[in-house]
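One structure is given here, and the rest of the page talks about it.
The values are calculated or read from the model by the stated rules, or taken from the named source; none is laboratory data. Fair warning: this is a prediction, and the values are worked out from it, not measured in the lab. Accessible surface is based on the protein model in full, side chains and every heavy atom, while ligands, DNA and RNA are left aside. Shrake-Rupley method; radii C 1.70, N 1.55, O 1.52, S 1.80 Å.
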Amino acid sequence: MMKTALTIAGSDSDGMAGIQADLKTFKHFKVHGLSVITAITAQAPEKVLSIHTVPAESISDQFEAVRSSFNIDGIKTGMLYTANTIEILREKLHKYDGPLIIDPVMIAGSGALLLQEDAIIPLIDTLLPLATIITPNIHEAERIAKIKIRTLEDMKIAAKKMRDMGIQGILMKGSHLNTPKITDMFYLEDDFHIHEKKRINASAHGTGCVFSAALLAGIINGSTPQVAFHRAEDHVSGIMKERALLENEQIMTLEREFRQGIARLENSKGFCKLIAEVRSNLAVGSEQMRSLEDIVTTEGRITQSYGYPIAIGPLELGGIHHVPRLLLSAQRLDNSIRAAINIRFKEEHVEACQLAKLDVQEIDRRKEPPKNLQKEGGTMEWVVEEVYKRHGKIPDAIFDRGDFKKEPMIRIFGRSATDVINKIFRILSFL
Ligand code: PXL
């Protein structure tokens, strides 16, 4: 049986927060999502037009419907909005003894009130003590602990106060503190676990919901709370990096080119046979690329599912995989080279490259100087530079027959994502 997670939260019409975010996150972490909708918001990321509560009877019935038919492996709550809803849930949740994460949602990033003023005390007094973990931001933590929080030390004092209020686990999110880096802090069984991260300049709408849903899913899937914490952090960071990328106009042009290329691959059943054992990846950059941070790629690479290729994970800048490194090395030698992909080595694939009239060069990885292997990303640089030295230009394809524990590989270079994918289809036409 698939594990199940229940979210009790508000509906967010823009799909980025609330119930919608929770269910998508559960899906991502492979738990079946159940839902109890407490309120319906009409909103877009920067505004809330209206909020309507769901009738008490319906909230109660939604809960009873799922409780009576499913074994619920974990519950999280988000926007609860009214004191009445909190009272209904108190009655139901005090009988529940599985993991319960309460995200004490009070105000939306846009400023809209997601918890009515007269519901704050009932939330703190009656619901929070039932939680396994609560996930307040600084503003919420200040309301709960009734102290002002300005520093990491204050965060710790607030967490201890909350523990003294009977709350077991306190995961406090530090993004609202005015610090260059963000410090999130998890206080559990007398230990403080810290996660520091770079501040990313992009909309954070809904990331609190995603975070607590990811944390719950991790715990349901058997991770320790500490491991689930770090994985939830990584998941949110991936989303934030992707948003930052999409909010940058220069990068958006690359992103469009990248997605078009990926879409062509994902529609091609035939490409499955060219996916490498270590998976494939497409990387695209501009003519001005200076570092890995200028290259768009997909975090989880390209694999296959149900007989079709599929790109996994968020789009990423600064990927450290082989293909971005390979592209950067090639582009340094010839700045018209803007895209690359790796594909599975087979003799017949090399022959297809030749039949497609591609300029194909072989490299013997056994000849790589041992000291080069120590250098981070050194192999990809060496592969490209060796071929360039000998051949005087970057060819369409460089392949090798592998080495001890190294999968043999073919790498295709081009002047754009379209150019690289066109080469892939020419190769496929000879297979
Ligand atoms: O991120 C808090 C939150 C929770 N639930 C709903 C929301 C928001 C933020 O906007 O809209 C429905």
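Here are the numbers:
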quantity	calculated
Carbon + sulfur, % of accessible area of region 4-246 - ligands and nucleic acids excluded, 1.4 Å	53
Sequence-separation-based contact order of region 103-253, relative, with Cα cut under 8 Å and 6+ spacing, percent	16
Probe 1.4 Å, accessible area per residue of region 4-246, Å²	43
Cα-Cα separations in region 45-165 greater than 17 Å, expressed as whole percent	60
Å³ per residue enclosed by the Cα convex hull of region 168-314	154
Cα gyration tensor shape for region 346-419, rounded if a/c is under 1.5, else prolate or oblate	prolate
For region 64-107, diffusion coefficient by Stokes-Einstein and Kirkwood Rh (Cα), 10 °C, 1.306 mPa s, µm²/s	139
Dmax and Rg, reported as Rg then Dmax, of region 124-198 (C-alpha, Å)	11.3, 36
Length-normalised contact order of the chain in % [C-alpha pairs under 8 Å, at least 6 apart]	10
Taking region 249-428 and dividing mean pair separation by its residue count, relative contact order in percent (alpha carbons under 8 Å, at least six apart)	24
Inter-centroid distance (Cα atoms) of region 104-146 relative to region 36-52, Å	18
Compactness of region 301-431, expressed as Rg and Dmax over alpha-carbon positions, Å	14.5, 42
All-pairs Cα distance distribution in region 4-246, expressed in whole percent, bin size 5 Å	1, 7, 15, 20, 22, 18, 12, 4, 1, 0
Surface per residue (accessible, 1.4 Å probe) for region 249-428, Å²	49
The chain: DSSP helices with Cα axial extent of at least 30 Å and average Kyte-Doolittle hydropathy no lower than -0.5	225-246
Å³ per residue enclosed by the Cα convex hull of region 379-431	103
Protein accessible area in region 249-428, 1.4 Å probe - carbon and sulfur %	48
Unit Cα scatterers, Debye sum, the chain: log10 I(q)/I(0) for q = 0.06, 0.07 Å⁻¹	-0.33, -0.44
Calculated SAXS-style log₁₀ I(q)/I(0) at q = 0.24 Å⁻¹ - region 1-103, Debye, Cα scatterers	-1.38
Dimensions (Å) - region 238-323, Cα atoms, principal axes, largest first	34, 24, 21
Gained length - residue 405 relative to residue 248, 0.36 nm times residue gap less alpha-carbon distance	52.6 nm
